[in-house]
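Following: one structure in structure tokens, then a few remarks.
The values are calculated or read from the model by the stated rules, or taken from the named source; none is laboratory data. The shown structure was predicted, so the numbers you read here are calculated from the model rather than taken from an experiment. FYI the Cβ positions are ideal-geometry reconstructions off the backbone, even for glycines, and counts take in every protein chain you see. Ligands, DNA and RNA are excluded from the accessible area calculation, which covers all protein heavy atoms including side chains. Shrake-Rupley method; radii C 1.70, N 1.55, O 1.52, S 1.80 Å.
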Amino acid sequence: MNQTLKTKIFSFIKNLIIIAVLIFVSTFIEIYWAMNSLSERMSSGNPDSSFFDDVYFISVFTTIILTILFLLFTLIKKAYLKITIELICLILVWFFWNYSIFVDRESSWSTYLFREEILHTLFLSFFPILVLSLVMVFSLHYISKKYESK
């Protein structure tokens, strides 16, 4: 195998690992930050699981899915379109997980309307999602530019 192919493969794997770690850490922090007020509540789906277990599982699953998606997004050459799509995906995925946790740990034990669930989740999630999605997407682009220039 020639040296440039080895270098490209190593660079790809390194970039893949960086993306995966960044997604995992960001997802974990976002869910803990947004939904921490529900951490002491019992899960209605699995009463034996702790909040940490749920957040860890969700972060691993999200990392796998979003890493694949973000690698596919590298095929998009227009930077603004790519950033916009990544932000929308992150916001939707994180909001979905926050909503799922809210339903599992809070609203399933009570009588919330769907609209109330969405509004309450939005209230808890807005700032953490806003801050961390921007930080993550711009960090990904900074890192990818750094490795492309080498």
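For this structure, a couple of remarks:
- Residues within segment 57-109 that are touching a Phe, Trp or Tyr at 6+ places or on another chain (Cβ under 8 Å) and under 16 Å from Val25 (Cα atoms), tallied: 5
- Those residues of segment 22-61 which are hydroxyl-bearing (Ser, Thr, Tyr), over 23 Å from His141 (Cβ atoms) and either part of a loop (DSSP other than H, G, I, E, B) or touching a residue at least 60 places away in the same chain (Cβ under 8 Å) (or both), in sequence order: Ser37, Ser39, Ser43, Ser44, Ser49, Ser50
- Leading residue by the ranking (nearest to Ser110 (Cα to Cα)) among those in segment 65-79 that are open to solvent by 70 Å² or more (accessible area, probe 1.4 Å) and β-branched (Val, Ile, Thr): Ile65
- Qualifying positions in segment 106-144 - out of contact with any Ser or Thr (no Cβ under 6 Å at 6 or more places or on another chain), open to solvent by less than 40 Å² (accessible area, probe 1.4 Å), over 21 Å from Met42 (Cβ atoms) and aliphatic (A, V, I, L, M): Ile129, Val137, Leu140, Ile143
- Consider segment 38-64 and keep the residues that are touching a Lys or Arg at 6+ places or on another chain (Cβ under 9 Å) and polar (S, T, N, Q). The one that is surrounded by the most Cβ atoms within 10 Å (Cβ to Cβ) is Ser43.
- Residues of segment 62-83 classified as assigned to a helix (DSSP H, G or I) and more than 12 Å from the chain's Cα centre (by Cα), total: 9
- Scanning segment 57-79 for residues that are hydroxyl-bearing (Ser, Thr, Tyr) and at pLDDT 95 or above gives Ser59, Thr62, Thr63.
- Taken over segment 101-142, the criterion of being small (Gly, Ala, Ser) and under 14 Å from the mean Cα position of the chain (by Cα) is satisfied by Ser125, Ser133, Ser139.
- Hits in segment 1-37 (condition: at pLDDT 85 or above, farther than 15 Å from Ile68 by Cβ and either surrounded by fewer than 11 Cβ atoms within 10 Å (Cβ to Cβ) or of a type in the set (S, T, N, Q) (or both)): Ser26, Asn36, Ser37
- Pairs where the first residue, in segment 93-110, is farther than 13 Å from Ala34 by Cβ and the second is hydroxyl-bearing (Ser, Thr, Tyr) and open to solvent by 40 Å² or more (accessible area, probe 1.4 Å), C-beta under 8 Å, 6+ apart: Asp104/Ser44; Ser108/Ser44; Trp109/Ser44
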